[in-house]
1. When the residues of the stretch 136-155 are narrowed to those that are away from the ligand (no atom under 16 Å from the Cβ) and in contact with a helix residue (DSSP H, G or I) (Cβ under 8 Å, 6 or more places away or on another chain), which ends up farthest from residue 32 (Cα to Cα)?
2. With respect to residue 84, determine if the residue is modelled with pLDDT under 95 and either within 19 Å of the chain's Cα centre (by Cα) or within 15 Å of the ligand (Cβ to nearest atom) (or both).
3. Of the residues that sit in the stretch 100-114 and are within 8 Å of the ligand (Cβ to nearest atom) and farther than 17 Å from residue 87 by Cβ, which one is surrounded by the most Cβ atoms within 10 Å (Cβ to Cβ)?
4. If residue 96 satisfies every condition in (1) free of Cβ contacts under 8 Å to residues at least 60 places away in the same chain; (2) part of a loop (DSSP other than H, G, I, E, B) but one, which is the exception?
5. Considering only the stretch 322-342, I want to know if a residue exists there that is within 23 Å of the chain's Cα centre (by Cα) and in a helix (DSSP H, G or I).
6. Condition check: farther than 14 Å from residue 128 by Cβ, more than 16 Å from the ligand (Cβ to nearest atom), surrounded by fewer than 18 Cβ atoms within 10 Å (Cβ to Cβ) and in contact (Cβ under 8 Å) with a residue 60 or more places away in the chain. Does residue 91 satisfy that?
7. Would you mind telling me which numbered condition in (1) at pLDDT 95 or above; (2) assigned to a helix (DSSP H, G or I) residue 319 fails?
8. Say whether the condition of being at pLDDT 95 or above and more than 16 Å from the ligand (Cβ to nearest atom) is met by at least one residue in the stretch 303-316.
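The values are calculated or read from the model by the stated rules, or taken from the named source; none is laboratory data. Just so we're clear, the structure is a prediction, and the values are computed from it rather than from any experiment. Methodologically, a virtual Cβ is constructed for each residue, glycine included, from the backbone with ideal geometry; neighbour enumeration extends over all protein chains shown.
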Ligand code: AMP
């Protein structure tokens, strides 16, 4: 038997209801904050990701699913959404109508990471981006959105982490100082960090290899070396978080895995997922739009790991698993034909109804109705058809009532609507 690809997974009925619930909650929230949905392709030219995410990042160095098509073009399955959204913003000149644009998108991403709990090769992200707003208020808005979504989904064991990654004014001097320091301890660093310390020394700060963490117990933090403009920006963000009473931690080691970030970087972390503690991450990327050939427009965004979020939502089944309003237990071919007709009519009216397609005993059909968590069962056999009345059983109260077959749909719909 052919099995699915390692690191990929099916989201089966039973779990997909929760996914739909999360998706609906997120979409409702985005829409009330006036974010518009953008749907981007699953595949892009490899150069887009290499140029935006950064040549020395884990994603570009070793995690992309890249293929050469028949014309020898290099194409890559998207490992994240921001690059494509930026490309789209530029390509369609969306900035010409209004540089300020707010987007959301939900969909699969692909990274060839080592699979483990909470880390997949195809995973889903819920993504939001604001273009054209340099003000730190955009940063605050996105953190508030994340926080509100967590509250609506009853996710409690989470913490907002924030940091600033500076800008092209203040980052180079800091990077240089960090590289000098790293050169002094390079015998203690992992092979990856040794290789990257000159080009991308910030990445060493969030390397998960314990030896790298230990090599510099108290590394100098970029946040202590910000220029005035970056410092003001950061203080405004944290000032607003204080004002809105959103608890947060300033995490000086938070650098994020992608190169395009500037200034504010943030993450939602949880203790509930073991090693994979990041539920969502985001930050400002003020230079990316122009770096990819667009106008000089600032931008900021976040991505939530949908798979990880689904594992920690505090909702109970009852919040998102809809019960079945009606099961029709039909006995005999004539009754079954009628039942099928009624099922179709009720379905068209938006009332969920199921029946047994094969010839089965009443006992077995009642068992099935129970298994499907039916709220009511309509029982109809030859005798009922002859009498012109069927029996409607309320499965919770175990009471029964007769329903005339004439205008049955209306009668049943009324009885069901009265229940709910
Ligand atoms: P990133 O795009 O790397 O900033 O990731 C944003 C969020 O996506 C993370 O906080 C995770 O929750 C989620 N995520 C990233 N990579 C994976 C993966 N391989 N499997 C599952 N979730 C992931």
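1. That would be 136.
2. Working: modelled with pLDDT under 95: no; either within 19 Å of the chain's Cα centre (by Cα) or within 15 Å of the ligand (Cβ to nearest atom) (or both): yes.
So residue 84 fails the test.
3. Top of the filtered list is 111.
4. Among (1) free of Cβ contacts under 8 Å to residues at least 60 places away in the same chain; (2) part of a loop (DSSP other than H, G, I, E, B), residue 96 violates only (2).
5. Looking for residues that are within 23 Å of the chain's Cα centre (by Cα) and in a helix (DSSP H, G or I), one finds none in the stretch 322-342, hence no.
6. For residue 91, the condition - farther than 14 Å from residue 128 by Cβ, more than 16 Å from the ligand (Cβ to nearest atom), surrounded by fewer than 18 Cβ atoms within 10 Å (Cβ to Cβ) and in contact (Cβ under 8 Å) with a residue 60 or more places away in the chain - is not met.
7. (1)
8. Looking only at the stretch 303-316, we keep the residues that are at pLDDT 95 or above, and these are 303-310.
Filter once more, keeping what is more than 16 Å from the ligand (Cβ to nearest atom): none.
Scanning the stretch 303-316, I find no residue that is at pLDDT 95 or above and more than 16 Å from the ligand (Cβ to nearest atom), so the answer is no.
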